[in-house]
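Structure record follows, encoded as C-alpha cells.
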Amino acid sequence: MKVRHVLGAVALAALSGCSSPAPAETAAPAAPEAIAVSPGAPRACSDVFVPDKPVVGFNAETGCTNKDGTLQFIGVIDCADGTKLWPVDAATGAPAGYAREDTAYKVVTGEVAADKGYKQAYEECVGPDADAVSPAPSASAE
C-alpha cells in the first residue's frame, strides 16, 4: 500500500511540472512592429513607378505589388544601351505609364503602347532596329 502512495506522489509531481508556466529563460516572440521586412521583398508598384520621379533600383524579377498586395510582374524591354524600359499598366496600382531605367516615370492616358511618347522612348531604347521588333514588352521578367 505504501508503494501505491509513493508512486501516486511521483506521478502527481510529474504531472504538476507539465502544467507549470514556461521558464523565464524562454524568449517571447518579437512584437509585429519589431519584425523587419526582408530586403528582397517586393515594393508596392505605386512606390516604384511615381509620376515624374526616376525609376531606380527596380528588379523586374522580384516584381512589385498592387494595392491588394498581389505580386505583379512588369514586362521589360532590354534597351540597346543596357538599360531597361518598362511599360506599366494601371492594374499594377501605379498610374499607367512608362519609364526607362534611371529616368522620370511618365504617366499616359489610355493604353501605354498607343502613346506617342512611349513609342519615341521605345524607338530610342531599341535603336535602329526599332522597326524590326514589336514595341510590346517581353513576356519574361528580365
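Here are the numbers for the structure shown:
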quantity	calculated
Total residues in segment 40-54, condition part of a helix (DSSP H, G or I) and either open to solvent by less than 60 Å² (accessible area, probe 1.4 Å) or touching a Phe, Trp or Tyr at 6+ places or on another chain (Cβ under 9 Å) (or both)	3
Subset of segment 57-72 that is in contact with a helix residue (DSSP H, G or I) (Cβ under 9 Å, 6 or more places away or on another chain) and in a loop (DSSP other than H, G, I, E, B) - its residue that is modelled with the lowest pLDDT	57
Hits in segment 81-120 - residues which are open to solvent by 70 Å² or more (accessible area, probe 1.4 Å), farther than 22 Å from residue 61 by Cβ and not in a helix (DSSP H, G or I)	106, 107, 109, 111
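The values are calculated or read from the model by the stated rules, or taken from the named source; none is laboratory data. This is a predicted model, so every value here is computed, not measured. We place every Cβ from the backbone using ideal geometry, glycine too, and count neighbours over all the protein chains shown. For the accessible areas, the whole protein counts, side chains as well, though only heavy atoms, and no ligand, DNA or RNA atoms are used. Shrake-Rupley method; radii C 1.70, N 1.55, O 1.52, S 1.80 Å.
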